[in-house]
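Please read the structure below before turning to the comments.
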Amino acid sequence: MSATTTKAARPRIGAEAIAGKGWLGAHKWLVLRRLSQLGILALFLAGPWFGVWIVKGNLSSSLTLEVLPLTDPFLLAQSLAAGTLPYKEALIGAGIVVAFYLLAGGRVFCSWVCPMNLVTDAAAWLRRRLGLKGGKIPSGDTRYWLLGFMLVAAFFTGSLAWEWVNPVSMLHRGLIFGFGLAWGIVGGVFLYDLLIATRGWCGHLCPMGAFYSLLGSTALVRVSAARRSACDDCMDCFAVCPEPQVIRPALKAAGQDHPVILDRNCTNCGRCVDVCGKNVFRITTRFDRSES
Amino acid sequence: MGDMQDKPVGQGGTSPRRRFLREVAGVAGGACLLSLGVGLYAKQASALPAVALRPPGALAEGDFLAACVRCGLCVRDCPYDTLRLAELGDGVATGTPYFAARQVPCEMCEDIPCVVACPTGALDRSLTDIGKARMGLAVLIDHETCLNFLGLRCDVCYRVCPVIDKAITLERQHNPRSDRHAMLLPTVHSDYCTGCGKCEKSCVLPGEAAIKVLPVRLAQGSKAEHYRKGWEEKEAAGQSLIGEQIELPVRGLEGKSYGDTRVLPGQGPAPAPATPARPDSGLDSGWKP
């Protein structure tokens, strides 16, 4: 685009990385992530579209190859708050999901599985491209309060309150079972992220994401700013990170001395690894605190 | 919880604690308002429209909405594509399974795969006999257009009923219009009707069906427990509670059982004897002093 040539003083984000590693090298994790998101969606769609039944159901609850049950733990928590004890399939399914994300990092769901990520990433990309600034960003804590109050609402209404409006499950269910007017809600999230709050939905409001954040404190897989001594403060990682506040403690040794990003809001998306021209970041384990 | 970012602490002037509390109160208040809105919406939108029927074994609507996670596994395992997940705008709680009998009725599978598929118990697995399902209750709702009520022999709802002669029977009644035919009225019995909707689906009327499956709550009146029915009391006591009654003869109906007022051919009043009109008398009224 012409922006690259006219604004020579500020090259496009990641330009240095592309120059150094090639396009594929500078988009490795992004491509893998898209493959993961679309692949999981394809597994769900193979049944209704082509009659190949690998995974039945949707992200709320599913059955893989007729044996593996998986259930959204936040939904199960709402169900318990609403006063029902589900069958063991749902309990086991939620247990498996919780165990996986406790190891892999809760927000891995957000960046590697959730279909809404495609929508909000698109909004963030377009916002950067159009150079939109300003707006009104709610506090990042709003999501935790929403999470708590939704459980309270489930208790008082005796129903899965959040599921009446949840754009995430509506999008996924809509893709598989039919949308109705749910397009409007998904479109609303896109416009909100584009025009009102950058990364507003996933990073500040979504109580599902907040639930997965709570599962993120013990993640084994983590991003480390291992070569932080090479950082030239180009700020590209901050520009692409969906949760930019998580980078500083590791990269700039603010409040911690090791280079591992331990913040539970880090989604392990790996975009910072891609976009860094100096190869500062790498994906490793939480125990790998070495610097190189 | 929190991001330490952009929250400078202790800058003299306003106390950091007050500032912190004010911020938290704002965030919490906003989230609380939003939740209140969602909760109220959930509460007010949870009424199920009358044409939407839940799958077999569904818990009572309130419990169902607490248990159903809207995964659609019941929809997937329904071999007849009867069930569908409500889309936003259908008027049914978004993502919950339902069917509309006039479009696709329940085929009452013996193994009830939808119930087996449900991971949460929103469809109750204690339902193992599909005959005991109560998805709704059929009601012959329009006596004016039902062909059998017009004295014709349609009978289609009765014929297609999977519980024929129990859930729907044909009750013979005198047809007062022709005065010489019977009407066979399809009659639903709640003890057997599962609410599968095959009758509504196959009603031959072009648009709306004359027989419809409604939620049991709408279809059935409450029992009048405070009324004591003479015939039941009599059966319970083994005899009439008011002792033997003298049966008075009903003239003209000798030889018939008490209460049987049906008139068979040849039993009616004798036709007036045909008397030749006298040419001199003008109109003969037939009156005799």
(request) Express the C-alpha Rg of the range B:135-226 as a ratio against the empirical globular expectation 2.2 N^0.38 Å, rounded to two decimals. (result) 1.09
(request) Over chain B, calculate the relative contact order: mean separation of alpha carbon pairs under 8 Å at least 6 apart, over the residue count, as a percent. (result) 15
(request) Evaluate the protein assembly as shown: find the radius of gyration of its Cα atoms, find its Kirkwood radius, and give the ratio Rg to Rh. (result) 1.21
(request) From other protein chains only, count the Cβ atoms within 10 Å of every residue's Cβ in A:60-68, then give the mean. (result) 3
(request) Determine ³J(HN,Hα), in whole Hz, for all residues of the range B:195-204 in sequence, where each value follows from phi through the Karplus function 6.51 cos²θ - 1.76 cosθ + 1.60 and θ = phi - 60°; x replaces Gly and Pro. (result) x, 5, x, 5, 5, 5, 4, 9, 3, 6
(request) Using the number of other C-beta atoms within 10 angstrom as an exposure proxy, rank A:195, A:63, B:34, A:35 with the fewest first. (result) A:35, A:195, B:34, A:63
(request) Please identify, among A:22, A:131, A:95, the residue showing maximal mean-square fluctuation in a Gaussian network model of chain A using a 10 angstrom Cα cutoff. (result) A:131
(request) For a footprinting-style exposure proxy, rank A:198, A:64 by other Cβ within 10 Å, fewest first. (result) A:64, A:198
(message) Within 10 Å of each Cβ in B:56-65, how many Cβ atoms from other chains are there, averaged over the peptide?
(response) 2
(request) Please tell me the relative contact order of the range A:225-292 in percent, rounded to the nearest whole number, where contacts are Cα pairs under 8 Å and at least six residues apart. (result) 45
(request) Going by C-beta contacts inside 10 Å, put B:107, A:243 in order with the fewest on the left. (result) B:107, A:243
(message) I need the per residue convex hull volume for the range B:7-101, using only the alpha carbons, in cubic angstrom as a whole number.
(response) 136
(request) Return an integer: the convex hull volume of the alpha-carbon atoms of chain A, in Å³ per residue. (result) 148
(message) Which one, B:50, B:161, B:15, projects farthest toward the positive side of the charge dipole computed for chain B from Cβ point charges (K/R +1, D/E -1)?
(response) B:15
(message) Can you classify the range A:247-292 as rounded, prolate or oblate using the Cα gyration tensor, where a ≥ b ≥ c are the square roots of its eigenvalues, rounded means a/c under 1.5, and otherwise it's prolate if a/b beats b/c and oblate if not?
(response) rounded
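Express the relative contact order of chain A as a whole percentage, based on alpha carbon pairs under 8 Å and six or more residues apart in sequence.
This gives 24 percent for chain A.
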(message) Could you work out the pair-distance distribution P(r) of chain B from its alpha-carbon pairs, with 5 angstrom bin width and percents rounded to whole numbers?
(response) 1, 4, 8, 9, 10, 9, 9, 8, 7, 6, 6, 5, 4, 3, 3, 2, 2, 1, 1, 1, 1, 0, 0, 0, 0, 0, 0
(request) Can you tell me the dipole magnitude for the protein assembly as shown around its Cα centre, using point charges on the Cβ only (Lys, Arg +1; Asp, Glu -1), in Debye to the nearest 20? (result) 2600
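Every number here is computed from the coordinates shown, using simple stated rules; none is lab data. Keep in mind the model is a prediction, meaning the values are calculated, not measured. Every residue, glycine as well, gets a Cβ built from its backbone with ideal geometry; the counts of neighbours run over all protein chains shown.
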